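The values are calculated or read from the model by the stated rules, or taken from the named source; none is laboratory data. Here the structure is a predicted model, which means the values were calculated and not measured. Here the Cβ positions follow ideal geometry from the backbone for every residue, glycine too, while neighbour counts run over all protein chains shown. Heads up: the accessible areas ignore ligands, DNA and RNA and are worked out on the full protein's heavy atoms, side chains in. Shrake-Rupley method; radii C 1.70, N 1.55, O 1.52, S 1.80 Å.
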Amino acid sequence: MRRMEAFVFVFVAILLCGCVAAKECTNIPTQSHTFRYELLMSKNATWKAEVMDHYHLTPTDETVWADLLPRKFLSEQNQHDWGVMYRKIKNMGVFKSGEGFLKEVPLQDVRLHKDSIHARAQQTNLEYLLMLDVDSLIWSFRKTAGLSTPGTPYGGWEGPEVELRGHFVGHYLSASALMWASTQNDTLKQKMSSLVAGLSACQEKIGTGYLSAFPSEFFDRFETVQPVWAPYYTIHKILAGLLDQHTFAGNPQALKMVTWMVDYFYNRVQNVITKYTVNRHYESLNEETGGMNDVLYRLYSITGDSKHLVLAHLFDKPCFLGLLAMQANDIANFHANTHIPVVVGSQMRYEITGDPLYKQIGTFFMDLVNSSHSYATGGTSVSEFWSDPKRIADNLRTTENEESCTTYNMLKVSRHLFRWTKEVSYADYYERALTNGVLSIQRGTDPGVMIYMLPLGFAVSKARTGHSWGTQFDSFWCCYGTGIESFSKLGDSIYFEEEGKDPTLYIIQYIPSSFNWKSGKILLNQTVVPVASSDPYLRVTFTFSPVENTLSTLNFRLPSWTLLDGAKGILNGQTLSLPNPGKYLSVTRQWSGSDKLTLQLPLTVRTEAIKDDRPEYASVQAILYGPYLLAGHTTGGDWDLKAGANNADWITPIPASYNSQLVSFFRDFEGSTFVLTNSNKSVSMQKLPEYGTDLTLQATFRIVLKDSSSKFSTLADANDRSVMLEPFDFPGMNVIHQGAGKPLLIADSSHGGPSSVFLLVPGLDGRNETVSLESQSNKGCYVYSGMSPSSGVKLSCKSDSDATFNKATSFVALQGLSQYNPISFVAKGTNRNFLLQPLLSFRDEHYTVYFNIQD
């Protein structure tokens, strides 16, 4: 019986796939967006011709392509007959959509608390959305429609000469709708309404339902499998954006525009299949089409129009889904973000039709990526593609690691799976990928500055990749589009509802927020104490404002990364019995305004092996603290750590009080400000650096009192005290001198001895704001910087009251240019110690994520 079941399963998968050699569906050589842009903008005609000469598909027997039709609705003799196809699908029994799934809660009922990292990220994104100009966004749409074009078009991938133009506008429609639901910002509402109205005018002018920033002739090329840059990819973004404007912002005009657009493309696909075969249609799908199946299934769930279901099925890309249906670990060399949205669409197919095959596909795909193709961030891909399974170490040789778009879409995959199963593992994944893969792509609070790829190798920097940081008006990469969406919906996966006799709520993310739970008739408030390395617990408190006294159940996720030992759940002073991590604490009661529930979940430091099964990479590991991926500040190639018997032996938290001990030493030279800096373990004066760079770290020192028992809460406490200077980025080392007239160095604190101790005294130049550093072992000798930056920093001895000497030994001491993140650790290395901080906190600084950790 089992053999028969296995045969049936494989047979169905082959019908879905059409052939075992599924790579046939992706052998177009230009599917990297980066490559496509470079090709499009290149002036090298010879190179273009050589590339496009390979733009083809391996010929396949036509009857096999007919079998590609999902679930084989047609017999071979009817493969040309669109009418038969339509009637077959129309008469399908469609199960009750969403039955048994957890429900999404309305985004407008969730509000993020100010000052949390999530709220700051949301606010930064809101500022960017408000900066963008409607006329500039739709300039190319108006040009295509033959309307007047006020304003100036944006550049980058939205430039008028770029074939992908218009994709970001679709993302903007989605992001602004989501952001409005999240914030109710009136200015944004006016801007996005103007944008929809402007696009509607373009659609009306064209008159066919077509709407895009490029002419419809692009689809002529698409349908004849000629070179063109992913026109359906852009159409998907526009359709999804308009649908989001309807769903989240309540704009009825947007829904009319969507249905008119879909009518147009329904007719185009119908013409291709009628004129040629379904073969031709599936050939063309080897160009990236985004999530066309996903948005069409979503549209069908609103309209119930069978045409929308037909068209959704025809964008399901069965040659890839069939591979997953056969559960083959063979996605290497596929363009990742071409295919993840197809899986998301297949998950919507399951939710709409109830076909269990598509549930299995989504489940297998998630397991496959997590087990063989993911980084410690939860992200995936290298240079936009998947590499060989369990060979992630090879990916670290480039900076083009995790593409931000893939993380955005993998979060969708996990979110569907969680809603179906309620499994904590999917919520854990969502937390990991959101925390490390999404929050890491903004450059602090700089609006509109994001990255394409998140580098995860050795001594890498977000500012030094193939793309570096983007710009506000001249990038508009695919990852800018998904980025503005991600930061507009940070509240959409904190709470989920379960329908039943009594209202039930699942709380799966611990993000400071409030939720107006209307079916539960409660206003719920969640506060979270900012996580710190000095307090190894996640501390969450829930309070309640009931509208009515209604019995309801709250299910609180106990993350897999925590421990039962030390975990606490307390309701109104009474300790609750907790299940093991990876399950839920479930509480059913009539909640009152006096109720208070607190959770205390232990945060532990742990290591996680890289997804690479070769023995030589067994020691390559990442370090996490709860859900936070830690990265080590480093600009060199040293990545060796020496593990102890337990983590406490080699990784120690940095006390919060250390921030008060950080100092930078400044001096003005000829109208410019310079700062004392650790430069490759020597000391020099460097120009005042931009915040968030390596130099800000290198220009920061921790003052360590020689008498460790003395009180130290402000810099003033160090005056007239014997101190040592520990470089911020080299914990455990000190500034030392080598004697009079010789340059200062950075050395291990155990080797410094008296030469590392200085007396912090009032500045010899007599100014109130300055200090001088006198050597304790060489009295009368001071840290000295000549009157030009190139003269270096050394120990120099005073021979008289020379004013030049006094000025050269006086520095303005202010709070350090860098500060310790609340989550900061020191890890003991074989040759040096490393300062570890969350990856999401890095801007331009160099860091290492994976370390060589030896027992």
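Remarks
- With q set to 0.07 Å⁻¹, the log10 of I(q)/I(0) for the chain, from the Debye formula over equal scatterers at the Cα positions, is -0.61.
- Using a Förster distance of 35 Å, the FRET efficiency for Asp640-Glu217 (Cβ separation, nearest 0.05): 0.05
- 31 Å Cα-Cα threshold exceeded, pairs from Lys237/Lys583; Lys390/Lys642; Lys307/Lys390: Lys237/Lys583; Lys307/Lys390
- Mean separation of Cα contacts under 8 Å, 6 or more apart, over the residue count of the range 681-752: relative contact order %: 30
- Cα-based helix-to-principal-axis angle, 231-249 vs the chain, degrees rounded to 10: 80
- Under Karplus coefficients 6.51, -1.76 and 1.60, residue-wise ³J(HN,Hα) of the range 698-714 in Hz, glycine/proline x: 5, 9, 10, 10, 9, 7, 10, 5, 4, 8, 5, 7, 6, 6, 8, 10, 9
- Projecting the alpha carbon convex hull of the range 107-297 along each direction and taking the average yields 11.3 nm².
- You can think of it this way: the chain between Arg397 and Ile302 has 29.6 nm of extra reach, that is 0.36 nm per residue less the Cα-Cα gap.
- In degrees, nearest ten, helix 336-353 long axis to first principal axis of the chain (Cα): 50
- Gain on full extension, evaluated as 0.36 nm per residue between Lys681 and Arg120 minus their Cα-Cα distance, stands at 198.4 nm.
- With a Förster radius of 51 Å applied to the C-beta separation of Leu147 and Glu99, the computed FRET efficiency comes to 0.65.
- Taking the C-alpha atoms only, the angle from helix 186-206 to the longest principal axis of the chain is near 40 degrees.
- Computed with a 1.4 Å probe over protein heavy atoms only, the accessible surface of the chain comes to 37 Å² per residue.
- Members of Lys681/Lys828; Lys114/Lys189; Lys706/Lys794; Lys711/Lys828; Lys103/Lys611 lying beyond 23 Å, as alpha-carbon distances in this model show: Lys711/Lys828; Lys103/Lys611
- Per-residue 3J(HN,Hα) values for the range 845-853, derived from phi via the Karplus relation 6.51 cos²θ - 1.76 cosθ + 1.60 with θ = phi - 60°, read 5, 7, 7, 10, 9, 9, 10, 8, 9 Hz in sequence order (x marks Gly and Pro).
- Computed from the Cβ-Cβ distance with R0 of 51 Å, the FRET efficiency linking Lys711 to Asn580 stands at 0.70.
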